[in-house]
Amino acid sequence: MHRILLFCLLLSSLSFAYVDSDMDGVVDKNDKCANTPLSELVDLSGCTIKKLVADEKHLDLILGQSYVDDGTSTLNLSSLKIDYYHNDWSMQLSSSYFDSDLNSGQNDTYLTLYYLFNPLNNFFLTLSGGVVFPTYDVVDNNMDYTASLYGRYKFDAWSLTMGMGYNQVGDIDATNSFNYQNRFSYNVGVGYAWENGFYSSLGYYRSNSSFETVEDLETLSLYAYYPFDEHWFSSLNYGYGLVSSGKRENIGVSLGYYW
């Protein structure tokens, strides 16, 4: 019995003598680079030799053209989007130029930061926040702020999507003719990924208007994405308004380059 106790005490003392807090195989007293990630290969001093998980960085640029018809007027939109990806983080800068029957000019410019995480198997969440710069030239246009949460569940080639967004409107009614309000939106959809990289989806979107006197906007949309090769890709979307005040149709096409 005494021998067993002595052996346990000896084993315990040896365990305390060998402490490797970051579990890189180098004891703390000899570790010159503490807290190295488990995904990095270290030398005898505990410092990184090589990252076993690549530091992924990507960039894409997308040009788009859309046409909108609400029955009484038409609107043409030319858009530009730039996306930067770094591992689970991404950032998007986007704006557009409009040309309608009444006037033309630049719309607001959006800068949005995204974070992708995977809390459960086959379930992905994207959290985003951003600012809307008032590049649309009207007197009462001020900076807005956005936030959203988007979820996607994958099973085989199918995916279910759902999301909600919030837009804090900073515009001021300088003419006393509008009553601005913040916007809340949500969307649901289903998509299918084909073997050749083609992806298609059907979605429903609803949002309240920035103006208190305008009814909510409801849209049924079709979306298709196709990669030509490892760099070039294209998308096509069609939307149909479901409410009387938003009985508009829109169709858009985009071409992008990824590197």
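The numbers here are math on the coordinates, done by the rules we state, and not lab data. Just so we're clear, the structure is a prediction, and the values are computed from it rather than from any experiment. Ideal geometry is used to build each Cβ from the backbone, glycine not excepted, and the neighbour counts take in all protein chains shown.
What the table below lists for this structure:
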read-out: Förster radius 35 Å - calculated FRET efficiency between Asn182 and Phe228 (Cβ-Cβ, nearest 0.05); value: 0.30
read-out: Per-peptide average of other Cβ atoms within 10 Å, ordering 109-120, 162-173 highest first; value: 162-173, 109-120
read-out: Two-site label geometry, Thr213 and Val190: point separation in nm, points 7 Å out along Cα→Cβ; value: 4.1 nm
read-out: For Val243, distant residues with modelled amide H under 5 Å away; value: Glu218
read-out: Formal net charge of residues neighbouring Asn76 (Cβ-Cβ distance under 11 Å; K, R +1; D, E -1); value: -3
read-out: In segment 163-229, GluC sites (Glu not before Pro) in a DSSP loop with at most 14 other beta-carbon atoms within 10 Å; value: Glu195, Glu212, Glu215
read-out: Computed over segment 57-258, the ratio Rg/Rh where both radii use C-alpha atoms and Rh is Kirkwood; value: 0.96
read-out: Inter-probe distance in nm under a simple model that places probes 7 Å from Cα toward Cβ, at Tyr84 and Asn122; value: 3.6 nm
read-out: Extension gain (nm, one decimal) between Thr74 and Phe198, 0.36 nm per residue minus Cα-Cα; value: 41.6 nm
read-out: Projected area, mean over directions - segment 86-193, Cα convex hull, nm²; value: 8.9 nm²
read-out: Phi to ³J(HN,Hα) by Karplus 6.51 cos²θ - 1.76 cosθ + 1.60 over segment 71-79, Hz, x for Gly, Pro; value: x, 10, 8, 10, 9, 10, 10, 10, 10
